[in-house]
Structures are given as structure tokens and as C-alpha cells.
Amino acid sequence: MTATGADQEAAGSTTRGYWGWGRRRSVALDVGLALVSALECGLEGVEFAGNTGLPVPVGVVFGLLAGSVLVVRRRWPIVVVLVSIAMTPAEMGFLMALVGLYTLAASEVPRRITVVLAGMALVGTFIVTYVRLRQTVAEDADFGPGDWYVPLVSVFMAVGLTAPAVLFGLYIGARRRLMESLRERADSLERELSLLADRAEERAEWARTEERTRIAREMHDVVAHRVSLMVVHAAALQAVAPKDPAKAVRNAALVGEMGRQALTELREMLGVLRSGDALVAPAAAGEGGRAVPLAAVGQAAAA
């Protein structure tokens with residue numbers, strides 16, 4: 001039988017460890033994403049340092065450290081999303097924001113927390129996009145769009161950078177929970193089928209034992225009856241032999257016929273009970289109250 005859902009869950013929790021990695025592929029994926037995110041944030045840190053007046057190495061180091069947070073996305077998805085929200089005004093960590101929102105939505109975090117953080121990311125992206133677009137439009141005198149342009153583009157940008165990741169994460173999380181539920185149901189059905197098979201085997205074994213016991217009981221009754229008749233006729237033969245030899249001969253023939261009938265019936269019943277291995281019949285009360293082994297009865301019948 002395959003491992004049950006509880007066994008798989010226990011094995012999975014042991015394998016994942018502290019960081020939530022279950023397989024080497026997961027480790028490689030998270031480390032690769034963290035490296036790409038750190039590189040992205042480091043490059044964006046150069047522009048951030050120029051806009052804020054900080055030294056370029058400080059901006060680069062800040063971006064590298066912030067982008068590498070993505071390596072713990074499986075263990076602490078909330079932390080990754082909060083860091084990405086905090087870095088939104090600096091226009092850094094777009095990959096971290098997308099992956100963090102996806103991981104958060106696909107995880108077991110309560111839905112209200114997911115909605116709140118996704119809403120914060122949406123609002124932050126909208127505000128930053130709105131401010132940057134207003135500055136760009138104000139600096140370009142030749143470009144004169146209507147008042148609808150900046151809010152509409154800001155909404156599209158905010159929704160495009162948050163909604164797909166959240167929706168895809170919700171879909172993957174629901175699919176994962178469905179697969180786990182189906183796996184648990186399959187394990188439960190397998191356990192029930194195993195129990196039913198065990199019970200059927202027990203009932204079959206009990207039926208075989210009962211049948212053998214009944215046949216052994218009938219065999220004992222038949223043999224005891226025949227032997228009792230043989231004993232009675234043998235005693236009569238002993239008493240009649242000196243007085244009437246002809247009658248003694250008839251009684252001897254009758255005793256022989258009874259013995260042959262007893263042997264025939266005994267062989268038939270032993271043929272039913274014999275199943276390849278040496279079986280011992282259940283205890284059958286003899287005249288002395290002792291159990292009569294089936295092998296001993298067969299040897300007596302053959303003799």
C-alpha cells in the first residue's frame with residue numbers, strides 16, 4: 001500500500017526544513033529568483049542613488065540586500081510583499097513584487113491578509129505611477145493629453161502589476177489544495193479497501209474453519225457409530241461362536257462389512273479436509289474424552 005496522506009505530510013514537513021524547500025529544484029528556483037531580483041534592484045539602485053543624492057555604492061548595496069529577500073519567499077511571503085511595498089516609492093523590486101504577490105496568494109496565509117497586502121501594493125503602485133506620470137507630462141510641454149490620461153494609465157499600471165500575480169497565485173493555491181484533498185481521499189479509500197479485504201479474508205478463514213470443524217464432527221459421529229456397532233457385533237460373535245458357528249460366520253462378515261463402510265466414509269471425509277498441508281482436526285471427544293488427531297485417524301483408516 002502507498003504512503004498515506006499523514007505519512008506524506010510528515011515526510012514533507014521533514015524534507016522542507018526551515019526555509020520551506022521540499023526539493024532541490026525549489027532551492028535552485030528560489031536562489032535563482034533571488035539572484036535575478038538582487039541584480040535588478042542593484043541596477044535600479046544606481047538611479048535611486050542619483051535621485052536621492054546618496055553614494056552609488058550605497059544604493060547598489062541597498063538594492064542587492066533588498067532584492068535578495070526573495071530567497072525566503074516560501075517561508076515568509078508576507079515579509080517579501082512588505083519589502084516590495086516599501087520599495088515601491090524607489091521604483092525598485094518589480095520582480096520581487098510580482099513573485100511575492102504570487103507566493104502570498106498561493107500560500108496558506110489567511111485571505112484577509114492577502115487582500116490587505118494586495119490592496120496596499122495596488123495603491124502604492126498607483127500612487128507612484130500617478131506621481132511619475134504627472135512629472136513627465138509637466139516636463140514635456142509638447143505632450144498635452146487630457147486630464148483622463150494620467151489616472152487611467154496609473155490604474156492600468158497598478159492593476160497590471162498586481163492583479164495577474166494575485167489571481168494566478170490564487171488559482172495555483174486552490175489547485176494545490178484540491179490535489180491534496182483528492183490525495184487524502186484516495187488514501188482514505190485505500191485504507192478502507194484494505195480493511196475490507198482483511199475482514200473478507202478473516203470471514204473466509206472463519207468459514208473454512210467452521211466447515212472443517214463441522215466435517216470433523218460428522219466424521220467423528222459416523223466413525224464412532226460404526227465402531228460401536230462393530231464392538232457390539234464382535235461381542236455377540238464372541239458369545240455365539242462356541243454354540244452356533246454358522247451364525248458366528250455371518251456376524252464376522254457383518255463386522256467386516258461395517259469396517260469397510262467405515263473406512264470408505266472416513267476416506268471420503270479426509271479427502272474433503274485434505275488441502276495439501278498436514279491439517280489437524282479440532283478436538284473431537286473420544287470415549288476417553290481426549291482429542292483425536294486427524295493424522296492418527298487417517299493412519300488408523302489406512303491400516
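Could you please report the charge total around Leu64, scoring K, R as +1 and D, E as -1 over all other residues with beta-carbon less than 15 angstrom from its beta-carbon?
Summing Lys/Arg as +1 and Asp/Glu as -1 gives -3.
Restricting things to Cα coordinates, could you compute the convex hull volume per residue of the range 90-144 in Å³?
86
So, counting K/R as plus one and D/E as minus one, what does the shell of residues with Cβ under 15 Å around Thr88 add up to?
So the surrounding residues net to -3.
Using mean Cβ contacts within 10 Å as the protection proxy, how do 114-127, 57-70, 250-263 order, highest first?
Ranking the peptides 114-127, 57-70, 250-263 by packing returns 57-70, 114-127, 250-263.
Where does the Debye-calculated log10 I(q)/I(0) of the range 96-228 sit at q = 0.15, 0.23 Å⁻¹, using only Cα point scatterers of equal weight, no solvent?
-0.87, -1.20
State the three equivalent ellipsoid semi-axes of the range 158-271, derived from the C-alpha gyration tensor as the square roots of 5 times its eigenvalues, in descending order and whole Å. Please report the intermediate quantities before stating the final value.
Numbers: eigenvalues 1391, 15, 3 Å².
Listed largest to smallest, the semi-axes of the range 158-271 are 83, 9, 4 Å.
Express the accessible area of the range 47-101 per residue in Å², computed with a 1.4 Å probe while the remaining protein chains stay in the model.
Spelled out: the 1.4 Å probe surface of the range 47-101, per residue, equals 47 Å².
Between the range 185-211 and the range 49-73, what's the alpha-carbon centroid distance in Å?
Between the Cα centres of the range 185-211 and the range 49-73 lies a distance of 65 Å.
Report the local net charge at Ile172: Lys and Arg +1, Asp and Glu -1, summed over other residues whose C-beta lies under 15 Å from its C-beta.
+4
If one computes the Cα centroid of the range 223-250 and of the range 156-175, what distance in Å separates the two points?
Value for the Cα centre distance between the two parts: 103 Å.
Taking the alpha carbon gyration tensor of the range 39-130, what are the square roots of 5 times its eigenvalues, largest first, to the nearest whole Å?
25, 15, 8
The values are calculated or read from the model by the stated rules, or taken from the named source; none is laboratory data. The model shown is predicted, which means the values in this text are computed figures rather than measured ones. All Cβ positions, even for glycine, are placed from backbone atoms using ideal geometry, and neighbour counts span all protein chains on display. Accessible surface areas use protein heavy atoms only, side chains included; no ligands, DNA or RNA. Shrake-Rupley method; radii C 1.70, N 1.55, O 1.52, S 1.80 Å.
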